[in-house]
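This report refers to the structure that appears directly beneath it.
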Amino acid sequence: MLASVGVAAFGLLPAATAFLAGVLASMALRTVPPRAVYDAVDWPVIVLLAALIPVAGAMESSGAADLVARVLLEGVAQGHAVGALVLILVVTMFLSDVMNNAATAAVMCPIAIGTASALGASADAFLMAVAIGASCAFLTPIGHQNNTLILGPGGFRFGDYWRLGLPLELLVIAVAVPLLLVVWPL
């Protein structure tokens, strides 16, 4: 593990390659049984991503992402870049509450790029809004596995999540939007 982190930190190999080599070395040295590695993989997420990444690519190549971006721009943001940035963040947060965050990012990235392109703005802030929004699944217990894990043991009900999650998501929006505009100007 330390060797993988060191190799990645010093830029000798990309992080994904360094950690894959670490896992393979650990399996070869029998410090971790291959079955444990197989069991640790979250296969439903892998299958979901495998299904949604081509959907995101199809949205990009077919023009559907640009169409959705145009509808959002004309209908809600009315051509204002900051309004569009907030809208991308909010839509991504909502989608992340009902589906996996990686899948949400895969679906929203082409829309964010299309929105930035239609506005003539830098895509960086819009992509970071997607990254932030996809990480904020606070309104439901199904948005993230950690939310689901505490549902039963914590004695929570499905409706309990939005009571704290909604103020938290509003706080994220209030902090993220100004910081996005400062760090990644449109």
Could you tell me which numbered condition ALA103 fails, if it satisfies all but one of (1) within 10 Å of the chain's Cα centre (by Cα); (2) at positive phi?
(2)
Looking only at the range 117-153, which residues are within 22 Å of ALA84 (Cβ to Cβ) and free of Cβ contacts under 8 Å to residues at least 40 places away in the same chain?
GLY120, ALA123, LEU127, ALA131, SER135
Do you know which of the residues in the range 134-146 that are of a type in the set (A, V, I, L, M) and outside any helix (DSSP H, G or I) is surrounded by the fewest Cβ atoms within 10 Å (Cβ to Cβ)?
ILE142
Within the set of pairs 6+ apart or on separate chains, which have a first residue in the range 3-26 that is loosely packed, with under 13 Cβ neighbours inside 10 Å, a second that is part of a helix (DSSP H, G or I), and C-beta atoms under 7 Å apart?
ALA3/GLY22
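For (1) modelled with pLDDT under 90; (2) more than 18 Å from ILE88 (Cβ to Cβ); (3) surrounded by 12 or more Cβ atoms within 10 Å (Cβ to Cβ), each residue gets a yes or a no:
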| residue | (1), (2), (3) |
| --- | --- |
| THR148 | yes, yes, yes |
| GLY154 | yes, yes, no |
| ARG163 | yes, yes, no |
| VAL183 | no, no, no |
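The values are calculated or read from the model by the stated rules, or taken from the named source; none is laboratory data. What you see is a predicted model; the values in this text were computed from it and never measured. Cβ: placed from backbone, ideal geometry, glycine included. Neighbour counts: every protein chain shown.
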